[in-house]
Amino acid sequence: MEYLSPLIRPFLIAFLSSLLLTPLLRRAAMGIGFIDDPKPHKFHKAPTALLGGVGIYTAFALALLLTRGLDRPLRGILLGATLLLILGLVDDRQGMNPWTKLLGQTIAAASAVLAGIQISFLFTPYLNIPITLLWIVGITNTFNLLDNMDGLSAGVAFIAASTFAVLASRYAEVGPEQLPAVVAAISLAGACLGFLVYNLKPASIFMGDAGSLVVGYVLASVAALGSWKSPTTPTSVLIPLLVLAYPIFDTILVTILRWRRGLPIFQGGKDHSSHRLVSLGLSELEVVLLIYLFSLCHALTAALVTSITLRLSLIALTVSASVLFIFGMILRKAKV
């Protein structure tokens with residue numbers, strides 16, 4: 001288990017920084033009126049502070065700077081995260097046109113690509129680069145959409161980031177990109193866990209778009225940066241998809257059902273998988289814990305895929321996809 005030792009320092013720096021900064025930011029947000037007021041499409045009942053994303057970003061950045069410094073991939077990730085933090089703060093404060101938001105996300109994704117972060121399984125940059133951009137923008141938005149219930153997005157991000165960190169550290173010898181992936185992933189995990197202390201129901205502070213965009217962006221970048229040890233290239237590609245399976249599932253479910261109802265995809269609403277579970281009779285805490293369990297099961301499946309054959313990997317993927325498909329068919333019947 002010696003491969004876990006590089007995770008300790010960045011995790012502790014990020015966790016403690018987030019733990020200490022978040023209550024200060026909560027007080028500042030309430031003082032300047034940077035709050036999220038209750039609305040019909042939201043679950044919270046009282047005005048809630050909105051600067052949690054600043055704490056996550058700051059803790060993440062401090063862990064990078066104090067642990068490894070900023071080599072090229074980490075510079076690209078931090079630059080893109082900084083842009084999305086600013087973009088998210090503007091959106092949290094006054095709202096933003098979805099297309100402007102999408103443009104900013106694309107520029108942030110380009111920052112990662114220009115820093116050398118890109119998928120490589122298609123063997124040509126003419127395909128790898130656009131697919132990487134699409135992946136980063138897509139996953140950034142999945143966490144933006146997933147941030148709809150106390151503790152949900154931060155908890156799922158903690159599980160995903162921890163999984164990426166452990167897998168990248170375990171196979172550190174695969175390539176020089178592994179250590180930056182380890183530091184970025186475990187730093188995000190620590191920042192999310194420190195924030196989660198104040199975000200579980202009843203949440204006293206939200207991460208806002210500033211936090212959800214940063215979290216999704218960093219996870220997407222780490223997934224594209226790291227090399228996921230596996231017997232075959234196809235199974236290596238499956239690993240990030242499994243680690244991030246639940247946010248992807250939730251986004252696909254909401255997109256399809258809104259499209260069928262003729263509703264704007266980026267409009268806020270109580271029609272996510274989490275809201276549908278509440279309508280089926282679960283409490284908010286039970287819903288969040290259930291989604292944590294789904295995320296953890298997929299993370300363990302991803303870890304299993306790193307050391308089994310392609311045939312067994314496909315069986316594991318089929319089982320996972322079947323469970324989510326059945327789950328989605330049940331949830332689509334829920335009244336929202």
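Before moving on, here are some points about what is shown:
- Identity of the residue in segment 271-289, out of contact with any helix residue (DSSP H, G or I) (no Cβ under 7 Å at 6 or more places or on another chain) and either assigned to a helix (DSSP H, G or I) or in contact (Cβ under 8 Å) with a residue 24 or more places away in the chain (or both), that ends up farthest from LYS335 (Cα to Cα): LEU289
- Hey, LEU21 modelled with pLDDT of 95 or more and in contact with a Lys or Arg (Cβ under 8 Å, 6 or more places away or on another chain) or not: no
- Check on TYR246, more than 25 Å from LEU89 (Cβ to Cβ), crowded, with 24+ Cβ neighbours inside 10 Å and of a type in the set (Ser, Thr, Tyr): yes
- Verdict on PHE121 being in contact with a helix residue (DSSP H, G or I) (Cβ under 6 Å, 6 or more places away or on another chain) and at pLDDT below 95: yes
Here is a yes/no grid of residues against (1) modelled with pLDDT under 95; (2) touching a Lys or Arg at 6+ places or on another chain (Cβ under 6 Å); (3) among the small types (Gly, Ala, Ser):
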{"position": "PRO202", "(1), (2), (3)": "yes, no, no"}
{"position": "GLY211", "(1), (2), (3)": "no, no, yes"}
{"position": "ALA224", "(1), (2), (3)": "yes, no, yes"}
{"position": "VAL237", "(1), (2), (3)": "yes, no, no"}
{"position": "VAL254", "(1), (2), (3)": "yes, no, no"}
{"position": "HIS275", "(1), (2), (3)": "yes, no, no"}
{"position": "GLU284", "(1), (2), (3)": "yes, yes, no"}
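- Residue among PRO264, PRO234, PRO202 that alone is farther than 27 Å from LEU85 by Cβ, over 17 Å from the mean Cα position of the chain (by Cα) and of a type outside the set (D, E, K, R): PRO234
- Test result for LEU200, among the aliphatic types (A, V, I, L, M), over 17 Å from PRO10 (Cα atoms) and surrounded by fewer than 24 Cβ atoms within 10 Å (Cβ to Cβ): yes
- Some residue of segment 44-51 being in a helix (DSSP H, G or I) and within 20 Å of ALA157 (Cα to Cα): no
- Across segment 88-101, the number of residues qualifying as closer than 14 Å to ASN144 by Cα, of a type in the set (A, V, I, L, M, F, W, C) and either touching a Phe, Trp or Tyr at 6+ places or on another chain (Cβ under 8 Å) or loosely packed, with under 14 Cβ neighbours inside 10 Å (or both) comes to 0.
The values are calculated or read from the model by the stated rules, or taken from the named source; none is laboratory data. Quick caveat, the model's predicted, so the values are computed rather than measured. We place every Cβ from the backbone using ideal geometry, glycine too, and count neighbours over all the protein chains shown.
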